[in-house]
Amino acid sequence: MRSHYCGQLNETLVDQTVTLCGWVHRRRDHGGVIFLDMRDRDGIAQVVVDPDTAEAFATADRARSEFVLRISGRVRLRPEGTQNPKMPTGLVEVLAKDVEVLNTAATPPFQLDEHGKVGEEVRLKHRYIDLRRPEMIEKLRLRSRISHHVRAFLEGQGFLDIETPILTRATPEGARDYLVPSRTHPGSFFALPQSPQLFKQLLMVAGFDRYYQIAKCFRDEDLRADRQPEFTQIDIEASFVEEEDIMGVTESMIRELFQDVLDVELPEFPRMSWADAMDRYGSDKPDLRIPLMLVDVDDLMKQVDFQVFSGPANAADGRVAALKVPGGASMSRKVIDDYTKFVGIYGAKGLAWIKVNERAKGLEGLQSPIVKFMENVIEELLDRIGAEDGDIVFFGADKAKVVNEALGALRVKLGEDLNLYTRDWAPLWVVDFPMFETDDSGRLSPLHHPFTSPSCSPEALKSDPAAALSRAYDMVLNGTELGGGSIRIHDQQMQSTVFEILGIGEEEAREKFGFLLDALHYGAPPHGGLAFGLDRLVMLMAGARTIREVIAFPKTQSAACLMTDAPGEVSGDQLRELNIRLRQKAKAEGQE
């Protein structure tokens, strides 16, 4: 039906006849001449319809925004003074000969060029309209380019694209499973995969050596800006590899991707241990664009007569840390109070601070309600922090987990609020993760997943599991975890030891993972891999604020689809066929 996309028109087509198909982006009447801005996925082209072509003019006269048209006409240069060099097609226009209405359109729920005034719920309810916006089209085109580049790179490295099942068995991977009832096996359920983890390991046992997949994954968890109930992974696994092999090939992939798609040369990827990341930045995905760092002051605070500080400083699981903000002494009390409320989100009971107005004056040059409690250590404290005139120093004092989360988040917020970024892109590898973490009840759980290989023998792991490090590695970019991976356990004895430490008995292990344990008996090679979050990667490369902006049909933060009204109820017949009976909701108090 068409000869060209709207966005393809340029001066090389002058005097040629073209046929365009698309939507009316804008219609204008200028002195008896009708101008139509025609839009399709490639861009916008200006069409001129004059009264000399009576039939075309009459059709254009009744066209309105979002009508679907087919237009044929001659390409010509725009008159002098009307050209728009900022627009890819701004040097030319089409003088229409034929205008055909392929479909009319109701008035859209919002103007495409005024979407910013419309709430996200309205945009998601009418997502097919929202996706017509050039900004959204460009984001999905970018996503397509990224996927294409990833496939081409990995296949060039000898990886095979192999699909793994969507209907599988529930496995503990850190989040709730989405369950699918089986009609043919009454009372039994499939689970949608949280990742292809076990299947890709089995592919390594099968000898496929290098596997990849752009895979849909599902997790029934509380959502945030960078989370969705269904998301997409770039899943990679290889045999006969060590950490450096996987990190090397994936770093090369990301470097080439940024170079080819964004024309960006990423800087060096430094290595940082998990312990250093938590100590300096309070996060295992630090944003290195922000120059602020946490400084431990536990030893000094053990000496002060201030229980708020000395208590955590002397506790085995406590921490007191300082965060210096250069030039921050000009902050108003209201701004400080706002930051105090912010860290409260992360469990902090308050936010102590010291303004350094003039160090040479000693205590008189400091402004803070807490200075009087630390006269004996104040000079050493300020020296360690490197505080200078005009700085403000914030303090966190609590359990180490609370301090890390609160000050780590505050550091990121300060970086954004004060525009402290020192560069555009800051990648790194975080390595040497603990094998396990301890919950509030003292029970061990895997920091990544139970198939990650430790850096020690089964005997050493069993003797001191809390001290064991894993062979895991995360790629971080601008404070976002792009991907995480590890060398996997390929030895049945080691896998059984990990299950035992996690309190998974032999019977439970056989019931849940018998197929994996059996496979490890039959010549499993050393193997490892990494999974990138495709949605997060596209979000960063597109400069979007949430992954909902780079997914065609995303869910809301309550895991609902406003457009299709999913999830929805099903009929009683369907439930009976699946052998499911719903529990009746309790009647509201006082309702008869």
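Descriptive notes on the structure:
- For Glu268, neighbours were defined as the other residues whose beta-carbon sits under 12 Å from its Cβ, and their charges (Lys and Arg +1, Asp and Glu -1) total +1.
- Packing here is the average count of other Cβ atoms within 10 Å per residue, and on that basis the peptides 28-36, 68-76, highest first, run 68-76, 28-36.
- Anisotropy class of the stretch 310-408 from Cα gyration tensor, a/c 1.5 cut: oblate
- Remark: Val241, Val335, Val308 ranked as Val335, Val308, Val241, counting other beta-carbon atoms within 10 Å and listing the fewest first.
- The mean sequence distance of close C-alpha pairs (under 8 Å, at least 6 residues apart), as a share of the length of the chain, puts its relative contact order at 13 percent.
- Taking a Cβ cut-off of under 12 Å around Pro286, the surrounding Lys, Arg, Asp and Glu residues balance to a net charge of -2, with basic ones at +1 and acidic ones at -1.
- Listed pairs Lys139/Lys200; Lys139/Lys555; Lys349/Lys555; Lys324/Lys399 exceeding 24 Å between Cα atoms: Lys139/Lys200; Lys349/Lys555
- Surrounding net charge for Glu163, when Lys and Arg each add one and Asp and Glu each subtract one, Cβ distance under 13 Å: 0
- With neighbours defined as other Cβ atoms within 10 Å of a residue's Cβ, the residues Met374, Met1 order from fewest to most as Met1, Met374.
- Label-to-label distance, Thr564 versus Gln259, with points set 7 angstrom from Cα along the beta-carbon direction: 4.0 nm.
- Percent antiparallel among DSSP beta bridges (both partners in the chain, rounded to 5): 95
- Within the same chain, aspartates and glutamates fewer than 8 places from Lys117 are excluded, and of the rest, those with a Cα less than 14 Å from its Cα are Asp130.
- Cα-based reach from Lys512 at 16 Å (exclusive), listing lysines while leaving out same-chain residues under 8 positions away: none
- Using a cutoff of 8 angstrom between alpha carbon atoms and counting only pairs six or more residues apart, the relative contact order for the stretch 290-422 works out to 36 percent.
- Computed from the C-beta positions of Arg41 and Lys512 and an R0 of 35 Å, the FRET efficiency is 0.15 to the nearest 0.05.
Bear in mind these aren't lab numbers, they're just calculated from the coordinates by the rules spelled out. Treat the numbers as computed from the prediction; the structure is a model and nothing was measured. Heads up, the Cβs are rebuilt from the backbone with ideal geometry, glycines too, and the neighbour counts pull from every protein chain shown.
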